[in-house]
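J.: Dropping the structure in here first, questions after.
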Amino acid sequence: MIDLFSDTKTRPTPAMRQVMANAEVGDERANEDPSVNRLVERCAPLLGKQAALFLPSGTMCNEIALAVHCKPGDEVICDATSHIIGSEGGGPAAIAGVMLNSIVGARGIYSAVQLQEKIHPEWAHAPRQRLVEVEQTSNFGGGAIWPLSTLQEVAGVAHAAGLATHMDGARLLNACVASGIAAAEYARGFDSVWIDFSKGLGAPGGAVLAGTRDFVYEATRLKLRWGGAMRQSGIIAAACEYALDHHVARLADDHANAQRLAEGIAAIEGLSIDVSAVETNLVYFDVVATNWNAEKLCNALLGRGVRMWPVNSRTVRAVTHLDVDRAGIDEALVVLDGIALSR
Ligand SMILES: *Cc1c(COP(=O)(O)O)cnc(C)c1O
């Protein structure tokens with residue numbers, strides 16, 4: 001199976017499993033797990049923040065950040081394609097109790113001018129505006145990278161209006177590898193930021209949320225309250241640290257494979273894609289000129305050992321990662337070429 005459904009489909013490599021088996025562990029909840037402590041001490045400066053917190057998932061990072069920054073009824077401004085809107089089970093409403101006010105950006109990226117237009121003076125009739133959120137890279141924006149200047153302008157507008165800023169960095173390191181810009185630089189204007197270890201980094205789980213010491217203190221209370229505190233989770237943190245050492249630079253391979261896949265798709269009759277829009281490891285293409293809808297096409301692919309995700313009736317997503325090499329991409333293209341106009 002060539003599984004391009006998501007970069008979460010990676011399995012820990014033998015070397016990663018070895019490190020996990022040998023990890024020094026303790027009771028994480030009591031701050032006694034040396035592997036977890038080492039990971040967060042490393043991630044805080046990586047993200048340019050005072051402190052950081054180990055959490056089971058990126059979703060929990062987002063939900064905790066929303067709840068620390070906001071009170072119930074407060075408004076979070078984010079892009080219309082945001083993961084917090086469509087992919088977290090309604091958590092922002094159910095858990096943090098926040099209102100989401102969305103901006104229709106370009107490929108998941110909105111401008112400081114668009115943000116400024118959303119911001120209004122304090123008015124008791126409206127939800128209290130409190131937080132501005134961005135996603136680096138933008139998942140449903142096609143893996144697009146927020147330019148550093150746009151992030152700085154957006155953060156500037158937010159802070160000038162007294163709003164806090166949060167960066168969903170599920171694939172922040174993909175942006176860093178693609179652009180050569182450091183994670184701390186991208187995150188500079190953001191009061192909180194997190195990275196995921198279970199996406200392109202290839203760990204079996206884990207995410208790290210960073211911010212000021214006060215922010216992390218409050219986030220820790222919610223981690224405990226919501227049952228996110230673990231015990232000997234150093235087994236997972238060791239995999240995350242291994243990923244930081246061995247799986248970051250290689251994200252460039254995923255990006256090259258995504259380019260190759262996109263160029264191959266562009267050459268297949270009936271499929272359409274904007275190759276220049278593929279900046280990282282996410283590849284979205286359109287099947288509307290074939291006789292397939294996206295779901296049926298993906299089912300046909302699955303029957304031939306290639307897995308992709310129909311995100312809507314006409315769009316398919318394919319994600320490159322650690323467990324699919326260049327030969328796998330070429331094979332997926334052969335299968336796709338054989339199927340695209342066969343219906
Ligand atoms: C995957 C993802 C998340 C959630 O992370 P999990 O670790 O899967 O909970 C949040 N935001 C974006 C943009 C993602 O792609």
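The values are calculated or read from the model by the stated rules, or taken from the named source; none is laboratory data. The structure displayed is predicted, hence computed values, not measured ones. Cβ coordinates were reconstructed from backbone atoms using ideal geometry, including for glycine residues, and neighbour counts include every protein chain displayed. Protein only, heavy atoms only, side chains kept; ligands, DNA and RNA dropped before computing areas. Shrake-Rupley method; radii C 1.70, N 1.55, O 1.52, S 1.80 Å.
J.: Restricting the first residue to segment 87-114 and requiring it to be assigned by TED's automatic domain parsing to the domain that holds Leu148, which pairs with a second residue that is of a type in the set (Phe, Trp, Tyr) and buried (at least 19 other Cβ atoms within 10 Å of the Cβ) meet a Cβ separation below 7 Å and a spacing of at least six or different chains?
T.: Cβ pairs passing all conditions: Ile103/Tyr110; Gly108/Phe140; Ile109/Trp146.
J.: Also, I was wondering about something else. Looking only at residues in segment 48-67 that are within 9 Å of the ligand (Cβ to nearest atom) and surrounded by fewer than 24 Cβ atoms within 10 Å (Cβ to Cβ), which one is nearest to Thr8 (Cα to Cα)?
T.: Looking at the filtered set, the residue picked out is Ser57.
J.: Restricting attention to segment 68-103, which residues are within 13 Å of the ligand (Cβ to nearest atom) and assigned to a strand (DSSP E or B)?
T.: The answer is Cys78, Asp79.
J.: Of the residues Ala256, Ala243, which is modelled with pLDDT of 95 or more and closer than 24 Å to Ser35 by Cβ? Working first, answer last.
T.: Details: Ala256 fails: closer than 24 Å to Ser35 by Cβ.
Answer to the check: Ala243.
Yes/no matrix, rows are residues, columns are (1) more than 22 Å from the chain's Cα centre (by Cα); (2) within 21 Å of Glu24 (Cβ to Cβ); (3) without any contact (Cβ under 8 Å) to a residue 60 or more places away in the chain; (4) assigned to a loop (DSSP other than H, G, I, E, B):
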{"site": "Gly200", "(1), (2), (3), (4)": "no, no, no, yes"}
{"site": "Val216", "(1), (2), (3), (4)": "no, no, no, no"}
{"site": "Lys223", "(1), (2), (3), (4)": "no, no, no, no"}
{"site": "Ile235", "(1), (2), (3), (4)": "yes, yes, no, no"}
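J.: (1) small (Gly, Ala, Ser); (2) in contact (Cβ under 8 Å) with a residue 12 or more places away in the chain; (3) assigned to a loop (DSSP other than H, G, I, E, B): which one isn't true of Ala44, the others all being true?
T.: In the conditions (1) small (Gly, Ala, Ser); (2) in contact (Cβ under 8 Å) with a residue 12 or more places away in the chain; (3) assigned to a loop (DSSP other than H, G, I, E, B), Ala44 misses (3) alone.
J.: Quickly run through segment 294-314 and pick out the residues that are open to solvent by 40 Å² or more (accessible area, probe 1.4 Å), closer than 18 Å to Val335 by Cβ and assigned to a loop (DSSP other than H, G, I, E, B).
T.: Arg304
J.: Taking the condition part of a loop (DSSP other than H, G, I, E, B) and either touching a residue at least 60 places away in the same chain (Cβ under 8 Å) or out of contact with any Phe, Trp or Tyr (no Cβ under 8 Å at 6 or more places or on another chain) (or both), does Val288 pass? Reasoning before the result, please.
T.: Working: part of a loop (DSSP other than H, G, I, E, B): yes; either touching a residue at least 60 places away in the same chain (Cβ under 8 Å) or out of contact with any Phe, Trp or Tyr (no Cβ under 8 Å at 6 or more places or on another chain) (or both): yes.
Answer is yes for this residue.
J.: Out of (1) away from the ligand (no atom under 16 Å from the Cβ); (2) farther than 13 Å from Met167 by Cα, what's the single condition that is false for Leu148?
T.: In the conditions (1) away from the ligand (no atom under 16 Å from the Cβ); (2) farther than 13 Å from Met167 by Cα, Leu148 misses (2) alone.
J.: Continuing with this model, one more query. Does Glu32 satisfy the condition of being more than 16 Å from the ligand (Cβ to nearest atom) and either at pLDDT 95 or above or surrounded by fewer than 22 Cβ atoms within 10 Å (Cβ to Cβ) (or both)? Outline the logic, then answer.
T.: Working: more than 16 Å from the ligand (Cβ to nearest atom): yes; either at pLDDT 95 or above or surrounded by fewer than 22 Cβ atoms within 10 Å (Cβ to Cβ) (or both): yes.
Yes, satisfied.
J.: Here's a follow-up. Among the residues of segment 125-146, count how many are assigned to a loop (DSSP other than H, G, I, E, B) and closer than 30 Å to Pro310 by Cβ.
T.: Of segment 125-146, the ones assigned to a loop (DSSP other than H, G, I, E, B) are 125-128, 136-137, 139-143, 145-146.
With closer than 30 Å to Pro310 by Cβ added as a condition, the list becomes 136-137, 139-143, 145-146.
Of the residues in segment 125-146, 9 are assigned to a loop (DSSP other than H, G, I, E, B) and closer than 30 Å to Pro310 by Cβ.
J.: Kindly indicate the residue of segment 153-197 that is touching a Cys at 6+ places or on another chain (Cβ under 9 Å) and in a loop (DSSP other than H, G, I, E, B) and also nearest to the ligand (Cβ to nearest atom) among those meeting that condition.
T.: Ala170
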